[in-house]
Amino acid sequence: MSDMNTNKLLITGVQLFELVLDTSKIGRILSSVKIGDVYMSRLIIEPGIATGNYYHRSTSIMFYVEYGSVVAGFEQVDTKEHKIMSLKPDRHIIHVPPYVAMATKNVGFDNAVVIFFSNHELRSDDTCVYKIF
């Protein structure tokens, strides 16, 4: 993603940040911003679409489902231990450490929204393709 530091000072100590939009993949819209050392991303997933299918070597991610019916899959890259689970909106928060592959899939009839927090961009040189869904 391009420059993620497009922020404006509103008043002392209060800043306005602009989300950077990424529509490069069919069936999903990813909006991201960097605030301090944290990246926040909002992912809109169309029905039936799977996203992710990657792992990171140094990026840690926390995420939750804000809206919709989402199934998440995880696999520990070294041991091949895996888990697939249904996530409830505003109920479950997941932490994904480095070297754990992940994917999300919208299994509902409406768009789903997933919110991510990470220490690096979700898509970067640290991202390794790894098929789950």
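Condition check: touching a Ser or Thr at 6+ places or on another chain (Cβ under 8 Å) and either buried (at least 18 other Cβ atoms within 10 Å of the Cβ) or farther than 30 Å from L9 by Cβ (or both). Does V71 satisfy that? Taking the combined requirement at face value, the residue satisfies it. For K80, the conditions (1) part of a loop (DSSP other than H, G, I, E, B); (2) at pLDDT 95 or above; (3) open to solvent by less than 40 Å² (accessible area, probe 1.4 Å) are fulfilled apart from (3).
Step by step: first the residues of the range 112-133, then only those that are outside any strand (DSSP E or B) and open to solvent by less than 50 Å² (accessible area, probe 1.4 Å), then the one that is nearest to Y67 (Cα to Cα). Which residue is that?
Pass one, the range 112-133, residues outside any strand (DSSP E or B): 119-126, 130-133.
With open to solvent by less than 50 Å² (accessible area, probe 1.4 Å) added as a condition, the list becomes 121-122, 124, 126, 130, 132.
Numbers: E121: 22, L122: 20, S124: 26, D126: 28, Y130: 25, I132: 22 Å.
Only one residue fits best here, namely L122.
Can you name the number of the only condition in (1) farther than 17 Å from D126 by Cα; (2) assigned to a strand (DSSP E or B); (3) among the aliphatic types (A, V, I, L, M) that M62 fails? Here M62 meets the rest and fails (1).
Take the range 52-68 and flag every residue that is touching a residue at least 60 places away in the same chain (Cβ under 8 Å) and either open to solvent by 10 Å² or more (accessible area, probe 1.4 Å) or closer than 18 Å to R91 by Cα (or both). Listed by number, the residues that qualify are G52, N53, Y54, Y55, R57, S58, I61.
Kindly indicate the residue of the range 24-44 that is among the aliphatic types (A, V, I, L, M) and farther than 11 Å from I115 by Cα and also least open to solvent (accessible area, probe 1.4 Å) among those meeting that condition. The extreme case among them is V33.
The values are calculated or read from the model by the stated rules, or taken from the named source; none is laboratory data. This one's a predicted model, so the numbers in the text were calculated from it and none came from an experiment. Neighbour counts run over all protein chains shown; Cβ positions are idealised from the backbone, glycine included. Calculation scope for accessible area: heavy atoms of the full protein, side chains included, ligands and nucleic acids excluded. Shrake-Rupley method; radii C 1.70, N 1.55, O 1.52, S 1.80 Å.
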